[in-house]
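Bear in mind that the values in this text are calculations on the coordinates, not laboratory data. Nothing here was measured: the structure is a model prediction, and the numbers come from that model. As a convention, Cβ positions derive from the backbone with ideal geometry for all residues, glycine included, and neighbour counts pool all protein chains shown.
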Amino acid sequence: MPRPPRLLHPAGQPAFRGQAPRVLLALLFAVALTVTGCVRGPGTLAPDPTRPAAERIIPDVPFFAQEQYQCGPASLAGVLRHLGLEGSQATPEGIAETIFRPGMHGTLSLDLALYPRTLGLASRWYDGSVADLMAAVDSGQPRIVMVDHGYGLVSTYHFMVVVGYAPDAVIVNSDRTPLQRLPWASFLRTWDRTDRWTLEVRRQ
């Protein structure tokens, strides 16, 4: 955690030096607030009070198997095809040709989010929630989410497409298997590590 800033009086010395004890207590309290509020990390997101009571799946969302380092382009291609786009610009290979970074063995989330705009589509990325995913599925709009399968300080990011939900699981197109069912607890644990990064792509 970053070190809290030193509070100095005009002479350049710590503010509590030579001051009354109550000033010291006030300073310590202020520093405590600074420390506890300076970083927003995994696990600090508010818990979702909503869980689905039924199962629902968006029908016929195109699926592309995610080859090595291609989870981003494959996920985006499925969403673009669902929106009716055709041609190489809506295939994993065509997308990867534009945004895949060989030196990084992957795709940056920003590149993934901005690519649809080059095709005349609208896109936005935000911190999602279970309620938001449910609403998107209900309206027939698949969402791309980024999760982190790493451990501790090591991150291993992965993109997948949310195409449905159930009381016990979120339903995703991921890896080489469509309609995977991921238990909510394990999905939220990995999604929390990315601050629940979510991408919406839609027509203008």
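In the range 84-115, what count of residues is obtained for those that are of a type outside the set (D, E, K, R), part of a loop (DSSP other than H, G, I, E, B) and either over 22 Å from Thr194 (Cβ atoms) or free of Cβ contacts under 8 Å to residues at least 40 places away in the same chain (or both)?
Total satisfying the criteria: 7.
Please give the strands (runs of 3 or more DSSP E) falling wholly within the range 159-204 in which 1 or more residues are out of contact with any Pro (no Cβ under 8 Å at 6 or more places or on another chain) and of a type in the set (Gly, Ala, Ser).
169-174
Which of the following residues is part of a strand (DSSP E or B) and surrounded by fewer than 18 Cβ atoms within 10 Å (Cβ to Cβ): Arg124, Arg81?
Answer to the check: Arg124.
If Gln89 satisfies all but one of (1) surrounded by fewer than 15 Cβ atoms within 10 Å (Cβ to Cβ); (2) touching a Leu at 6+ places or on another chain (Cβ under 7 Å), what's the number of the condition it fails?
Only one criterion is unmet by Gln89, namely (1).
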